[in-house]
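Since every read-out is calculated from the coordinates, none of them should be taken as a lab result. Predicted, not measured: the structure shown is a model, and the values here were computed from it. Ideal geometry is used to build each Cβ from the backbone, glycine not excepted, and the neighbour counts take in all protein chains shown.
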Amino acid sequence: MTDTSPPPLSAGGTLDYRVAHLAEHLASGDLGELGIRVELRGEAVLLTGTVPSGQCRDEICHMAREELAGHPVHCDILVAGTSSPDHGEDLT
């Protein structure tokens, strides 16, 4: 006989549910980050995208690790270069 029962819930629900909740929280929270992708890779979670500052990246990674406690979280989030150029462009 095949077991068709749903997977057991962890303290915060299934990992799929927790990942979806994190993505929603990132999009609608104080950070309002729509450019961050949250992908489930087995039991690990991968965050990718680009943010405007290192502080924003650190906050997102911290939030993800808190919400997904007990699962490995890999933050591959880049910081956009917003500094002004240090030299003029040569046009020939």
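List of remarks:
- In segment 15-79, Cα pairs under 8 Å separated by at least six residues give a relative contact order of 34 percent.
- The slack in the chain from S53 to D76, taken as 0.36 nm per residue of separation less the alpha-carbon distance, amounts to 6.9 nm.
- Distances between placed amide hydrogens fall under 5 Å for H74 paired with V45, L46, L47, all partners being 5 or more residues away or on another chain.
- A Cβ-based charge dipole, computed about the Cα centre of segment 10-74 with Lys and Arg at +1 and Asp and Glu at -1, lands at about 160 debye.
- Quotient of Cα Rg and 2.2 N^0.38 Å for segment 15-79, N being how many residues it contains: 0.98
- Efficiency of FRET from Cβ geometry, S84 and A44, R₀ 41 Å, rounded to 0.05: 0.60
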